[in-house]
1. Principal axis extents for the chain, Cα atoms only, whole Å, descending order, please.
2. Tell me which of A201, L271, S213 sits at the most positive position along the dipole axis of the range 188-293, charges placed on C-beta atoms (Lys, Arg +1; Asp, Glu -1).
3. Hey, how many Å between the Cα centroid of the range 70-110 and the Cα centroid of the range 163-198?
4. Going toward the positive end of the dipole of the chain, with +1 on Lys and Arg Cβ and -1 on Asp and Glu Cβ, which of T136, V38, A186 do you reach last?
5. Evaluate the relative contact order of the range 44-286 (contact order divided by residue number), counting alpha-carbon pairs under 8 angstrom at least 6 apart; express in whole percent.
6. Find how much the distance from Q242 to H220 grows on full extension, using 0.36 nm per residue of separation minus their present alpha carbon separation; answer in nm with one decimal.
7. If I model a spin label as a point 7 Å beyond the Cα along the Cα-Cβ vector, how far apart are those points for D109 and Y164 in nm?
8. Using the Cα centre as the reference, give the magnitude of the dipole from point charges on the C-beta atoms of the chain (Lys, Arg: +1; Asp, Glu: -1; all else neutral), rounded to the nearest 20 debye.
Amino acid sequence: MAHDTLSESIKTLRESVFARERVVDVTQRKEGIPMSRVLDLFRLDGKAAVVTGGSKGIGMFYSQALAEAGAHVVVADIDPTSVLQTSERLSKEHDGRILGAELDVTSRDSIRAMVHQIDQRWGRLDILVNNAALFTALPRRESPWKIPDEEFDQVMAVNVRAIYRCTVECLPLMQRHAWGRVINIASGLAFKGAPGLMHYAASKGAVVNLTRSMAQAVGHTGITVNAIAPGGTASPTLLAVQPNAGVGAIQRRSIKRVEVPEDLVGTLLYLASPASEFLTGQTIAVNGGDYLH
């Protein structure tokens with residue numbers, strides 16, 4: 001019995017050494033890469049991306065950033081007017097690389113129709129940004145114990161189940177090229193809580209854990225899954241209903257200013273690019289040091 005255990009230990013050690021030697025070989029082959037090629041790790045030329053809720057608010061900034069980084073971008077949203085406006089504006093700067101798609105993320109048929117459009121147009125999908133969510137439309141109540149069941153269920157359907165559905169329907173097209181990036185948009189409230197928005201905070205906590213589970217399920221296919229947890233961000237849609245949005249968080253932050261949508265796009269592009277090849281299952285909090293996660 002002791003001999004068998006020793007043999008297994010030696011075998012494991014040999015395999016470990018062999019694996020390490022292979023890593024060293026790869027490292028040595030990559031030494032001396034010119035800086036120009038390193039910067040290419042952040043380019044998205046030839047990639048195709050979808051941003052759900054991508055025609056307004058923070059999602060609009062995500063759509064624009066991905067297009068500017070070289071990607072073909074699907075501006076997907078439930079509001080057909082804003083889809084048309086945003087896609088037309090971006091098309092003027094990125095001709096032939098923008099596709100507007102009316103999308104209801106709670107409808108599997110609607111998601112499938114969008115994926116079919118992408119397949120017909122570009123034949124590939126590399127990046128999925130699960131951004132669509134219910135937040136600004138939610139009423140703020142004096143009592144946290146009076147959220148109607150219908151509203152609670154709707155928040156979970158849009159903010160959690162829709163991420164699962166969109167990912168399920170998009171995966172076959174992503175797996176076609178054995179490479180992909182799924183980026184789920186969580187929230188700082190997933191970690192801080194929010195008595196006045198219990199259902200929203202709970203849904204974003206679910207997004208964090210869904211991200212972890214998804215990452216483990218698809219890691220062997222060349223697809224990574226990560227999340228961004230923004231702080232209170234002064235987006236156009238939030239400012240429309242809360243003109244002083246974000247001001248209250250300034251004193252709590254290490255960086256003493258309002259958070260704006262542009263603060264999020266650098267992290268988004270990193271997670272969407274080849275540069276994040278070995279990062280998966282993680283949630284990156286972008287909040288100026290509001291809380292240290």
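Each reported figure results from applying straightforward, stated rules to the coordinates on display, with no laboratory input. Because the structure is a prediction, the values reported are computed rather than measured. Note that we place each Cβ from the backbone using ideal geometry, even for glycine, and neighbour counts take in every protein chain shown.
1. Between the extreme Cα coordinates on each principal axis of the chain lie 69, 47, 41 Å.
2. Farthest towards the positive pole: A201.
3. Using only Cα atoms to place each centre, the spacing works out to 19 Å.
4. V38
5. Values: 459 pairs, mean separation 45.6, N = 243.
Relative contact order of the range 44-286: 19 percent.
6. Values: separation 22, 0.36 × 22 = 7.92 nm, distance 4.35 nm.
Taking 0.36 nm per residue and subtracting the Cα distance, the gain is 3.6 nm.
7. 2.2 nm
8. Details: 31 positive and 30 negative charges, 97 e Å.
Computed charge dipole of the chain: roughly 460 debye.
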